[in-house]
Amino acid sequence: MRILAVDDNPIIRMGLRTLLDGTPGVTSVIDTGDPDEAVACVCAGQVDVVLLDVRMPRMSGLELLPRLSGATVVMLTHTDDPATVSEAMAAGAAGYLVHGALEPAAMVDAIRLCRNGSQVVSGVAVAPAVRDRGPSVRELLSRREAEVMDLVAEGLSNGEVAARLFISEKTVKNHVNSLFAKLGVTTRSQAIVRWLHGGPDHGSAKGPGGKGPAPGPRALGPATPAP
């Protein structure tokens, strides 16, 4: 796995190089604070994963993100605003990690999950004003659909959800199809973003158990799987 760290702070870039150099499975770590250089590296096929800051002076990470489509992009930032998280994930980020939310080993594991097709959100706090809107999305779903959605948001597959709830996998798939329609989404990733962060229609910011997303890696499953 070849990693590029993009951040305007050279101290953060140095820390990431120190952390990732020599990590099993990581073959190279390069860094830059120049958005144009980042694009050139990705276009040249030099990197597999980009760790991208959100707030940068020349070009924000959200502006740069669409230009890095040739690599797996994981936002790594101090910004924990839920709206920013939703925007980044909707724009194609495979993960969103807040500095300090994960121990180094867990952060590396989260990066690997993203590279392997999952989505990971870690360390995002839910603002009280957003949380107050929570019941609106939850009330769109039946009790069983909400239970299924809570487990989907934990990263469980249909088979794992079925085992947890003691129902058949076919029944889980039926519930997933139904809740997709009710939430107005077409993929698990879109459903989870809306479930956890309110989504495009001002839905719930509550995560599993109605407590909001907890710090720590949350594997959201393949970016575009079948229901």
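The values are calculated or read from the model by the stated rules, or taken from the named source; none is laboratory data. As the structure is a computational prediction, the values presented were derived from the model and not from experiment. Counting neighbours? That spans all protein chains shown, and the Cβs are built from the backbone with ideal geometry, glycine included. Please note that ligands, DNA and RNA were not included when accessible areas were found on the heavy atoms of the full protein model with its side chains. Shrake-Rupley method; radii C 1.70, N 1.55, O 1.52, S 1.80 Å.
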Consider VAL185 carefully, then state whether it is modelled with pLDDT under 80, open to solvent by less than 60 Å² (accessible area, probe 1.4 Å) and assigned to a loop (DSSP other than H, G, I, E, B).
yes
Identify the residue in the stretch 14-35 that is hydroxyl-bearing (Ser, Thr, Tyr) and surrounded by 15 or more Cβ atoms within 10 Å (Cβ to Cβ) and, among all such residues, is modelled with the lowest pLDDT.
THR23
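Residues checked against (1) part of a helix (DSSP H, G or I); (2) open to solvent by 30 Å² or more (accessible area, probe 1.4 Å):
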| residue | (1), (2) |
| --- | --- |
| GLY45 | no, yes |
| LEU62 | yes, yes |
| LEU97 | no, no |
| VAL108 | yes, no |
| ILE111 | yes, no |
Test LEU102 against the stated conditions and say whether it is at pLDDT 80 or above and either closer than 29 Å to CYS43 by Cα or not in a helix (DSSP H, G or I) (or both).
no
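Kindly indicate whether any position in the stretch 159-167 is within 22 Å of THR79 (Cα to Cα) and either modelled with pLDDT under 90 or surrounded by 15 or more Cβ atoms within 10 Å (Cβ to Cβ) (or both). Full working, then the answer.
Filtering the stretch 159-167 for residues within 22 Å of THR79 (Cα to Cα) gives none.
No, because not a single residue in the stretch 159-167 is within 22 Å of THR79 (Cα to Cα) and either modelled with pLDDT under 90 or surrounded by 15 or more Cβ atoms within 10 Å (Cβ to Cβ) (or both).
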Expected single match for on the phi < 0 side of the Ramachandran plot and at pLDDT 90 or above among LEU113, LEU68 is LEU68
Determine if the stretch 50-58 includes at least one residue that is open to solvent by 30 Å² or more (accessible area, probe 1.4 Å) and within 20 Å of the chain's Cα centre (by Cα).
yes
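Restricting to the stretch 113-127, and then to whatever is out of contact with any helix residue (DSSP H, G or I) (no Cβ under 7 Å at 6 or more places or on another chain) and not in a loop (DSSP other than H, G, I, E, B), can you tell me which residue is farthest from VAL152 (Cα to Cα)?
We begin by selecting, within the stretch 113-127, every residue out of contact with any helix residue (DSSP H, G or I) (no Cβ under 7 Å at 6 or more places or on another chain); these are 113-118, 123, 125.
Checking the rest, the ones that are also not in a loop (DSSP other than H, G, I, E, B) come to 113-115.
Values: LEU113: 16, CYS114: 17, ARG115: 20 Å.
It comes out as ARG115.
Residue by residue, here is whether (1) of a type in the set (Gly, Ala, Ser); (2) under 15 Å from ARG115 (Cα atoms); (3) modelled with pLDDT of 90 or more holds:
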residue: ILE3; (1), (2), (3): no, yes, yes
residue: ASP8; (1), (2), (3): no, no, yes
residue: CYS43; (1), (2), (3): no, no, yes
residue: THR79; (1), (2), (3): no, no, no
residue: GLU87; (1), (2), (3): no, no, no
Subset of the stretch 141-153, residues surrounded by fewer than 19 Cβ atoms within 10 Å (Cβ to Cβ) and not in a helix (DSSP H, G or I), comes to SER142
